[in-house]
Amino acid sequence: MFTSAFVRYLTLNIATAFLYYHLIIFKMKKKLLNIFVILIQFTSVFAQQTIKGKVVDLESQFPLPGVNVQFIDGDFTSGVATDVNGGFKIEEVPLGRHQIRFTFIGYKPQIQTIVVNSGKEVVLNISIEESTEMLDAFEISANENREVNNEMAIISAQQFSVEETERYAGSRGDPARMASNLAGVQGADDSRNDIVVRGNSPLGVIYRVEGVTIPNPNHFAISGSSGGPLSILNNKFLGNSDFFSGAFPAEYGNSTAGVFDLKIRNGNNEKTEFTGQVGLFGGEFLAEGPLSKKSAASFLVMYRRATLSIFNKLGIDLGTSAIPKYQDFAAKINLPFKNGGNLSLWAMGGNSNINILISEQTDSSAIDLYGENTKDQRFGTRMLVSGATYTKPLNETAFIKSTTCINLEGQKSNHDTITRNDPNDFLDYTLTPYMAYDFNKVRYSNASSFNKKLNKKNSLKMGWVADITSFNFIDSVSTNASLQTYRKRFQSNGNYFQIQPYISWKHKFSDDFIITAGLTSLYLSIFEVDNSQPKSTNISPIEPRFGMRWNINDKSALSFGLGYHSQTQPLYTRFYLPENNNEPINQNLDLTYSKHIVLGYSQNLNQNFGLKAEAYYQDLSGIPIEITSSAFSLTNAGSGFARVFPNALTNAGTGYNYGLELTVQRYFNKSWHALFTGCLYNSKYTASDRIERNTSFNGIYAANFLAGKEFEFGKNKVLGLGLKVTGAGGKRKGTVDPTASADQGEVIFLDANFNEDKFKDYFRFDIKTTYKINQEKVTHEIGVDLVNLSGAKNILNYSYAPNNDGIADDKDITENYQLGFLPIFYYRIDF
């Protein structure tokens, strides 16, 4: 008894000392620090909470009355049956982690793990699958072996929850950074959340919300990219969502690498609740609750604003001396109708700007991670998505869903060249306008689908995703600094229409043997303003998809997938104006194609451990490469802040990726979990010089190990400890051409031996600690995420920084390192 009490006392005081130490790091005032310590050590209030939700059929989305909802862990075994609308509610649930079992005659049982806190009610939306057989008994499967939301997905698919984006060290609440923990997925660099899926360019990744494709959902996003330094997506307004890494179902088109299918959750329709949080990446506030006591309508609204200026003053290194400014929001109104229909109005967006003024630096050796060290840069971005989604069950076997939205996005920048007048006086300089651009797009989208459950064994889904987009690109760059003459690199405005129809079919030979098959196509037409004839047309008439899963026994399964995928080229690539050209030379570029084949095997080793392995091969064609002989290929673009200014291109490039992925997971049970993911892969391409090379993303291997443990103190305090260790092959590089780099003002590689060498291998070690206190109707949480705790110097790239000796040589080339040790902390309150 004494030993147990002593261990608890020691652990609590170590945690308190740990938090005390990191709060000192951030120079918090002593009074605030004492409040936190007292709160941690002496608060002890017991509380309970309410669990509620709705259960529907997976394929028809029709509410299921009479489903048995039962707690199956510990001493709390309360249960209820769903009402006529599929709803359920269980009150006075003890705080902590629980498992709930959902069972219904003729349906497969489902287990859901939840975490109950005093500050917020738990709202669940559960879909259960009808069995092809009459089930007399059932067994509890691994407690976190979740199926994805999309009923047609069989292979290379993973559902991720809001809890996972918060639980895993280094995820920072960002879906993309969380996905980089998955096998076959790597981050491109620490300063951004671009992800490399199975060796493919981040350009092949798309984001969908409520069925429609949205613009790049990141602050400081470069035109044509899919990532950025900080996500606009906030996990506090997202529901459980899906991620696909290959051979995805037919409804997902215009992507060759990966798809995020994101869901926006509804607000609580019975109780008004609030969340506040302050931390390194901003101060934020969320409110949700019922719109009216007489209906089930609800609202949810969230706002976040940057607080980085505070930490810049405290001397915390963020990779730049500039102060990023940004804000973002999300909102949703959910309106259920008496006839079973539902209308949701939703919006999200953000804007950001940064002024990287190298001319104001006083240290001549300083390197800015986000800027060019010979230029002052002013850069801003904006993004907004606003839409309406209507869903309605037509009967017990069919439902329709339609989303209509407007997407706005833009990037604007001004660059000035810094000329150092005196090599011995760093502050003696002249600024000359160098470049400015303003890119804007407005897109109207509709995604509609019809789902029909034909019988127990067959279901059908058909629909389309359609976009109408207006764009306006303008960009000019200096041709002679002394004469201040400029040329246009972009000067285009127009419209394009794109549609992707699809149909998918799912057949269950039995509960243990399932196939899916589908067809989709892609059509794109680009028009110039005041011109009714299309300037360019792309069409992919038929793209087949196929998936199969065979449950060999209760513990193991085989899966297989095939897919033919296409993707359009970024608009900015089409409309670049090379020097001495009055018309864009690449506007007739065609689609890029990718053939996927995947074989998977999964095994539940026991109640708490699972294993999954997938082998894949991808064949790529139609990749844009230069017409003249060179090593250039668009498959190497898509990460970082640099834009691409290609010469004349043709869709003659090829490439291939193959690899083996392994996931071993210890599901969260008895207060701890662990995850290992690893992959061995190869990624090659061939450009116009007909030489096969490594792609810029061919690191050969990547591995992650994550683990976490929770310690409970009494009935209302939880200390969480988590770690993440990542190792990966180094980034590819070539031989620098100093003369060409001096002419262009940026690093230029020689074609010879391009990507044949690489920087040293990547390594990162993260630790995350959280301390949660549940009071009556209030939850406090303090978190510290120590990123790159070892301070490993991972090389990001080269930059051109002339030393003003008048000679163009390797001395003008500087290695840039990724972020060093970065402490991230936050305080959150739910009430």
Inset, instruction - For residues that are of a type outside the set (S, T, N, Q), open to solvent by 30 Å² or more (accessible area, probe 1.4 Å) and over 9 Å from ARG828 (Cα atoms), tally how many sit in the stretch 269-289. - result: 5
Inset, instruction - Examine the stretch 259-267 for a residue that is closer than 27 Å to VAL644 by Cα, of a type in the set (D, E, K, R) and touching a residue at least 12 places away in the same chain (Cβ under 8 Å), and state whether such a residue exists. - result: no
Inset, instruction - Could you check, for the stretch 234-243, whether at least one of its residues is of a type outside the set (Gly, Ala, Ser), closer than 17 Å to ALA188 by Cα and at pLDDT below 95? - result: no
Inset, instruction - Identify all residues within the stretch 752-771 that are in contact (Cβ under 8 Å) with a residue 24 or more places away in the chain, open to solvent by 30 Å² or more (accessible area, probe 1.4 Å) and out of contact with any Leu (no Cβ under 8 Å at 6 or more places or on another chain); write none if there are none. - result: PHE754, GLU756, ASP757, LYS758, LYS760, ASP761, TYR762, PHE763
Legend entry - Filtered residue count, the stretch 38-72, keeping only those that are at pLDDT below 90, open to solvent by 30 Å² or more (accessible area, probe 1.4 Å) and not aliphatic (A, V, I, L, M): 7
Legend entry - Which listed residue is closer than 20 Å to GLY253 by Cα and either in contact with a Ser or Thr (Cβ under 8 Å, 6 or more places away or on another chain) or buried (at least 20 other Cβ atoms within 10 Å of the Cβ) (or both), from LEU589, LEU599: LEU589
Legend entry - Residues of the stretch 238-289 classified as within 22 Å of ILE499 (Cβ to Cβ) and in a loop (DSSP other than H, G, I, E, B), total: 10
Inset, instruction - Give the stretch 627-667 a look and list any residue that's touching a Phe, Trp or Tyr at 6+ places or on another chain (Cβ under 6 Å), free of Cβ contacts under 8 Å to residues at least 60 places away in the same chain and either open to solvent by 50 Å² or more (accessible area, probe 1.4 Å) or assigned to a loop (DSSP other than H, G, I, E, B) (or both), or say none. - result: TYR658
Inset, instruction - Find the strands (runs of 3 or more DSSP E) located wholly in the stretch 689-740 whose residues include 1 or more that are farther than 30 Å from SER629 by Cα and either small (Gly, Ala, Ser) or open to solvent by 10 Å² or more (accessible area, probe 1.4 Å) (or both), and list them. - result: 701-713, 717-728
Inset, instruction - Return a yes/no flag: does the stretch 520-532 have any residue that is open to solvent by 20 Å² or more (accessible area, probe 1.4 Å), in contact with a Gly (Cβ under 7 Å, 6 or more places away or on another chain) and among the charged types (D, E, K, R). - result: yes
Legend entry - Residues satisfying the stated conditions in the stretch 78-137, i.e. within 28 Å of the chain's Cα centre (by Cα) and over 21 Å from LYS717 (Cα atoms): GLN110, ILE111, GLN112, VAL123, LEU124, ASN125, ILE126, SER127, ILE128, GLU129
Inset, instruction - Return the pairs, sorted by first residue and then second, in which the second residue is open to solvent by less than 10 Å² (accessible area, probe 1.4 Å) and acidic (Asp, Glu), the first residue lies in the stretch 186-215 and is under 21 Å from THR726 (Cβ atoms) and without any contact (Cβ under 8 Å) to a residue 24 or more places away in the chain, the beta carbons are less than 8 Å apart, and the residues are 6+ apart or on different chains. - result: GLY187/ASP194
Inset, instruction - Find all pairs meeting these conditions: Cβ atoms under 6 angstrom apart; at least six residues apart or on different chains; first residue within the stretch 436-457 and within 27 Å of TYR390 (Cβ to Cβ); second residue part of a strand (DSSP E or B) and of a type in the set (Phe, Trp, Tyr). - result: LYS441/PHE471; ASN451/PHE399
Inset, instruction - State yes or no: is ILE515 open to solvent by 70 Å² or more (accessible area, probe 1.4 Å), at pLDDT 95 or above and not in a loop (DSSP other than H, G, I, E, B)? - result: no
Inset, instruction - Within the stretch 396-448, track down each residue that is under 24 Å from GLY463 (Cβ atoms) and polar (S, T, N, Q). - result: THR397, SER402, THR403, THR404, ASN407, SER445, ASN446, SER448
Legend entry - Matching residues in the stretch 326-343 - criterion: being closer than 30 Å to PRO229 by Cβ and out of contact with any helix residue (DSSP H, G or I) (no Cβ under 9 Å at 6 or more places or on another chain): GLN327, ASP328, PHE329, ALA330, ALA331, LYS332
Inset, instruction - Output yes when any residue across the stretch 398-420 is touching a helix residue (DSSP H, G or I) at 6+ places or on another chain (Cβ under 6 Å) and over 30 Å from LEU345 (Cβ atoms), and no when none is. - result: yes
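Table: residues versus (1) more than 27 Å from the chain's Cα centre (by Cα); (2) open to solvent by less than 30 Å² (accessible area, probe 1.4 Å).
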| position | (1), (2) |
| --- | --- |
| LYS441 | no, no |
| ASN446 | no, no |
| LYS453 | yes, yes |
| SER459 | yes, yes |
| ILE474 | yes, no |
| THR485 | yes, no |
| ARG489 | yes, yes |
| SER492 | yes, yes |
| TRP505 | yes, no |
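The values are calculated or read from the model by the stated rules, or taken from the named source; none is laboratory data. A quick note: this is a predicted structure, and the numbers were derived from the prediction, not measured. No Cβ is skipped: glycine too gets one built from the backbone with ideal geometry, and neighbour counts run over all protein chains shown. Just the protein is used for accessible areas: all its heavy atoms, side chains included, with ligands, DNA and RNA removed. Shrake-Rupley method; radii C 1.70, N 1.55, O 1.52, S 1.80 Å.
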